[in-house]
Every structure is written in structure tokens, then in C-alpha cells.
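> The structure is given below, and queries will be raised subsequently.
The values are calculated or read from the model by the stated rules, or taken from the named source; none is laboratory data. Note that the structure is predicted; figures quoted are calculated from it, not measured. Cβ placement follows ideal geometry from the backbone for every residue including glycine, while neighbour counts extend to all protein chains displayed. Each accessible area value is taken on the protein alone, full model and side chains, heavy atoms only, with ligands, DNA and RNA left out. Shrake-Rupley method; radii C 1.70, N 1.55, O 1.52, S 1.80 Å.
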Amino acid sequence: MLKTNQEGTLPPLTIKGKKLRYPIIQGGMGVGVSLYPLAQAVAREGGMGIVSSACLDRLVIKRTGKKVNAYEAAYTEVAQAKASGGYAGINIMCALARDYEDSVRGALDAGADAIISGAGLPLGLPAIQPAKDTALIPIVSSGRALELICKKWERLGARPDAVVLEGPLAGGHLGFRMDQADLAENRLENLLPEVKDAAKKFGDFPIIVAGGIYTHEDILRFLAMGADGVQMGTRFLATEESSATEAYKDAVVRATSEDIVLAHDPGSPCGLPFRVIRQSPMYVSAMQHKRKPKCDKGYVLLKDAEGKFTRCPAKESNEHHFCICNGLLSSAGYNSDVEEPLYTVGTNASRIQEIVTVKTLMQELTGAKTLSSTAK
């Protein structure tokens, strides 16, 4: 039987000695959806708030008018997320290789409660800088991936403080090929046992499940299966404190299940399947091959033959890729007057009917209050 919290029907979650009132981690949605106002609000309500490091320097510069680099942006955003109390951390994508280490250092120096890292395997994360009190949490999509990370981290004298298991119903980049996303074996509930087994081999740390979790009942169901907590993105995207533009939020409220697609060709220059609302202006342009090849932000750059970060598929051709940096920056209000937005969501976004406050949403998710939002 679950030991529940007196303020709701969910148990607390402890990660690296930090006891969250509720086992809810807000997803780090980039670009610019998960900034400090959202993370701060979630932290105040007893969950863990997470900011996204993706393109964060430009967003902080726009907000403050002060020039900052990746280190300073991560430091600033984490510090502000923690300013009102509670627990807050940062999501740093491996795919953003150019700024990865600087973002990690900035977050650690700001005292982030957690660094969550995926979109690739964060094999070298513990070696960047001593983590001290910060929990290091990789994102995986299989038990095999977790074992690879644990074996590498063991050689570095570390182990995960928790792990996020992300299934194929999540938003943004997925850790599955297109032909794998709909397989029964890759459903979150079927992946959980193998990831729990892998975690037990290396110290039995908390398992946080993500992807397609929508209701209080969903949370209870996965806790009963053996998960220790949940990570939820799309529900927090549709909050007043989210930094998504009003047009983005409106697109989520209006979206039907048929509007949510898994983009691959054209798709993200990262090469990973990417879930979007099909009416997103940039996705429409990409499908019609109207956009000229462009890469003037340079966050998703790959190394060239000389080891320099210069290559991006979206820079070379618009046949098979859309410019994710510009599209997502626009959906966060950056240069939205000249750039087409790209709206990424989880598979259950079509169930959202209204924009609510984080406080109201947390009351629903913890079982303290029932919201009227149901499937359309």
C-alpha cells in the first residue's frame, strides 16, 4: 500500500536527501517554455520545478537586456527558480553539445537541486564538475541504456541519484525510432520493470516515469507499478506561469488528437522523432518545402572533420529537416515577428481544454481538487 501525504493522496519523493512534498517533477520544456516563472511556481507547490537550458542565453538576454553566455544563463535561471523556496533544477540536452558543459557548470554553481539530462546518453556528466548536493538524473528509454550509463558513471566514481524513464508518448525529442514508437513492448508500463531491474543492480535509486501521464489516477497507477515519481511536461505547458506564447497555448487548447503528429521527415536536425502540432507554421512550411535552408542560431551543431561545431542538417537542406532553434525560439516569443513558430507537445495535449494556474493544476494532480478538464 502506498504511504500517502496528508495534504493529498500522493507520497513524498526523496532524491539525494531532498524530500519533495509530492512525487511530481515538471518537465524541462525547451525552448523557453520552462523558464524560472514556471519552475518557481512548481517548487512553491511542493513539486520539483525544472528550467530548460535550450537557447537559454538568448532568452535571458531578451528578458534582462544584459549579454550573457551559456554558463551565466544557466546560473541566473536556476538561481531565480530557487528564489521562492522549494526544489528546482534544470534540463540540459546532450544534443546541444556546444553549450552542454558550460550549462552544467552554471547550474551546479547556482546550487541546482537536480540536473536532468537526455536527448542522448549523458555518459560524461559526472566528470564535468563535482556535483556536491545536486542530483544527477539521466533520461533513458530502456534498461539497456541505463546500464550503459551506470557502468560508465561507476568508472567515474558516481551513480545516478535517480533516473527518468521516458516513454514514446512524451513531447519533444523521443528516444525511439519511428518504427519503435508504437510497439507494445515500448509502452511505459512495459519498460518500467526492466529499468527497475537495471537500477537495482547499481544501488536501487528512484525511478521517475514520463510520457503520456495526465491525471492524478495516472500518477497513482504508475506508483502502484513501482515507480517512485512522475515527470509531466504538457500539463505544465498549459499553465499561466508557462513562458509559452499565448498563440502556443491557444494552439494546445484547440488541438485535437488528429492534430498531434510525430515528425521525422521533415524532422528535427537532431535526427530523433519529434512530436508537434501539425498546424505549427514552421512544420507546415517544412512539409511544403517553402523555407530556405537556415541555421543562424547554432545550438544543434555537430562537429566537422576538424572537430569544430559547424554542421547542421537544417543549414544544408530543408528537404528533410526544419530549423528547430528558430521554430522553438519563436514559440517562446523570441523573434516571433519574423520567424515561424513550432509547437511541440505530448500525445495527450488534445485533452487540455483550458489554461490554469500551477497551483490549481497541482491541486488536481495531487488529488486535493478535481478540475473540469476532460477529453475533448
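> Quick check: is even one residue across segment 159-181 at pLDDT 95 or above and open to solvent by 20 Å² or more (accessible area, probe 1.4 Å)? Step through it out loud before you land on a result.
Step one: filter segment 159-181 for residues at pLDDT 95 or above, giving 159-165.
Those still in the list that are open to solvent by 20 Å² or more (accessible area, probe 1.4 Å) too: 159, 161.
Scanning segment 159-181, I find at least one residue that is at pLDDT 95 or above and open to solvent by 20 Å² or more (accessible area, probe 1.4 Å), so the answer is yes.
> Still on this structure, please answer the following. Report, ordered by the first and then the second residue, all pairs with beta carbons closer than 6 Å, sequence separation of six or more or different chains, a first member in segment 299-322 that is under 24 Å from residue 282 (Cα atoms), and a second member that is of a type in the set (Phe, Trp, Tyr).
Note: pairs meeting the criteria are 301/309.
> Would you check which residues across segment 85-110 are part of a loop (DSSP other than H, G, I, E, B), surrounded by fewer than 24 Cβ atoms within 10 Å (Cβ to Cβ) and touching a helix residue (DSSP H, G or I) at 6+ places or on another chain (Cβ under 7 Å) and list them?
Result: 85, 86, 94, 110.
> While we're here: Testing residue 32 on (1) modelled with pLDDT under 95; (2) surrounded by fewer than 19 Cβ atoms within 10 Å (Cβ to Cβ), one condition comes back false. Which one is that?
(2)
> Let me ask something else about it. Considering only segment 174-183, I want to know if a residue exists there that is outside any loop (DSSP other than H, G, I, E, B) and not assigned by TED's automatic domain parsing to the domain that holds residue 261.
Within segment 174-183, not a single residue is outside any loop (DSSP other than H, G, I, E, B) and not assigned by TED's automatic domain parsing to the domain that holds residue 261.
> Here's a check for you: in segment 40-72, which residue that is in contact (Cβ under 8 Å) with a residue 40 or more places away in the chain and of a type in the set (Asp, Glu) is farthest from residue 234 (Cα to Cα)?
Among those residues, the one meeting the criterion is 57.
> Which residue, of 98, 44, 105, is charged (D, E, K, R), assigned by TED's automatic domain parsing to the domain that holds residue 213 and touching a Ser or Thr at 6+ places or on another chain (Cβ under 9 Å)?
44
> Moving on. Which count do you get for residues in segment 114-139 that are in contact with a Lys or Arg (Cβ under 6 Å, 6 or more places away or on another chain) and open to solvent by less than 30 Å² (accessible area, probe 1.4 Å)?
1
> From the set of residues in segment 344-376 that are over 20 Å from residue 30 (Cβ atoms), in a loop (DSSP other than H, G, I, E, B) and among the small types (Gly, Ala, Ser), which is modelled with the lowest pLDDT?
The extreme case among them is 375.
> Hey, can you tell me all the residues within segment 201-218 that are within 18 Å of residue 15 (Cα to Cα) and either touching a strand residue (DSSP E or B) at 6+ places or on another chain (Cβ under 9 Å) or free of Cβ contacts under 8 Å to residues at least 24 places away in the same chain (or both)?
Across segment 201-218, the qualifying residues are 204, 205, 206, 207, 208, 209, 210.
> Could you list, in sequence order, all residues of segment 308-343 that are open to solvent by less than 40 Å² (accessible area, probe 1.4 Å) and either among the β-branched types (Val, Ile, Thr) or assigned to a loop (DSSP other than H, G, I, E, B) (or both)?
Across segment 308-343, the qualifying residues are 312, 317, 318, 322, 323, 324, 332, 333, 339, 341, 342, 343.
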